[in-house]
Amino acid sequence: MLTFKPATHKDMDTIHYLEQKAFGIDAYDMEMIIDSFLESGDMTIIAYLDDRPAGYVMAIGISEKSADIESICVSPEFQGKGIGKALLHVIEDAMRNHGFTESILEVRVFNESALSMYRKEGYTITHRLENFYQGEMRGSRDAFRMKKTLQ
Ligand SMILES: CC(C)(COP(=O)(O)OP(=O)(O)OC[C@H]1O[C@@H](n2cnc3c(N)ncnc32)[C@H](O)[C@@H]1OP(=O)(O)O)[C@@H](O)C(=O)NCCC(=O)NCCS
């Protein structure tokens, strides 16, 4: 059974583990995870599949109306089962509960599976951000910024 729980400070190792599994060398380090967790308030949520951590999502309010999805990932062994989409729905609900009307995110320009998920979920590209990421992957550091109006 798939369940979702807001993360607490005790979950930092779990989030670090999920980041490493899903992003590899592109993963956030522990310092970044803790800083972002503290900024996110209660908008860091972990998905468990039968009590096993399967993925997580973290969002931060960046203006009165907008929140930014800082990270979303599903551990490779659990990918393709609808968990990514479910995490997106859960974080969008959390944003709505906080009164945000716009969800924003950044994604590597070649990340086809994530781009496909976001497009299907109603996100559209608003900008191409040159050299957005510190580390180069597949010859690029560029991101697309995507946006969705929350109804
Ligand atoms: C992107 C990610 C979160 C999707 O999670 P997931 O649980 O595998 O996705 P879901 O099963 O919910 O599928 C949702 C949609 O994603 C897309 N998708 C998922 N896996 C895909 C793949 N291997 N190839 C192409 N599209 C794929 C599809 O559009 C899918 O919709 P569909 O089921 O109607 O075909 C996951 O692949 C992941 O963690 N990737 C590594 C980390 C990452 O890139 N995070 C996003 C950073 S911006």
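Here, each number is a calculation from the coordinates, and none is a lab measurement. Just so we're clear, the structure is a prediction, and the values are computed from it rather than from any experiment. Reconstructed Cβ throughout: ideal geometry from the backbone, glycine too, with neighbour counts over all protein chains shown.
Which FRET efficiency value, to the nearest 0.05, is calculated for Ile34 and Glu64 with the Förster distance at 30 angstrom and r the Cβ-Cβ distance?
Computed FRET efficiency for Ile34 and Glu64 comes out at 0.70.
Excluding Arg128 itself, what net charge comes from residues whose Cβ is under 15 Å from its Cβ, given Lys and Arg +1 and Asp and Glu -1?
Taking every Cβ under 15 Å from that of Arg128, the sum is +1.
Given 0.36 nm per residue, what is the gain on full extension from Ile125 to Asp142 after removing their alpha carbon distance, in nm?
Net length gain for the segment: 4.8 nm.
Suppose only helical runs count, i.e. DSSP H with n ≥ 4. What mean residue ellipticity at 222 nm does that imply for the chain under -39500 (n - 2.57) per run, divided by all residues and rounded to the nearest 500 deg cm²/dmol?
Working: 4 runs with 47 residues, N = 151.
Taken over the chain, the calculation gives -9500 deg cm²/dmol.
My understanding is that a pair violates if its Cα-Cα distance is over 19 Å; which of Lys85/Lys148; Lys85/Lys147; Lys120/Lys148; Lys21/Lys81; Lys81/Lys147; Lys10/Lys81 do that in this structure?
In this structure, Lys81/Lys147; Lys10/Lys81 lie more than 19 Å apart at Cα.
For the range 53-75 and the range 83-151, what is the separation of their C-alpha centers, rounded to whole Å?
Spelled out, the Cα-based centre of one part sits 9 Å from the other.
Treat the count of other C-beta atoms within 10 Å as a stand-in for reagent exposure and order Ser140, Ser40, Ser63, Ser75 from fewest to most.
Final ranking by Cβ density, sparse to dense: Ser63, Ser140, Ser75, Ser40.
Once you order the gyration tensor axes a ≥ b ≥ c over the Cα atoms, which shape class does the chain get: rounded for a/c under 1.5, otherwise prolate or oblate by comparing a/b with b/c?
rounded
With a point put 7 Å past each Cα toward its Cβ, work out how far His89 is from Leu150 in nm, to one decimal.
If labels sit at His89 and Leu150, their model points lie 1.6 nm apart.
Testing the spin-label approximation: label points 7 Å from Cα along Cα→Cβ at Asp51 and Ser113. State their distance in nm.
2.7 nm
By DSSP, what percent of the beta bridges with both residues in the range 2-106 are antiparallel, rounded to the nearest 5? Don't skip to the end; give the middle numbers.
Numbers: 18 of 22 bridges.
Among the beta bridges of the range 2-106, antiparallel pairing accounts for roughly 80 percent.
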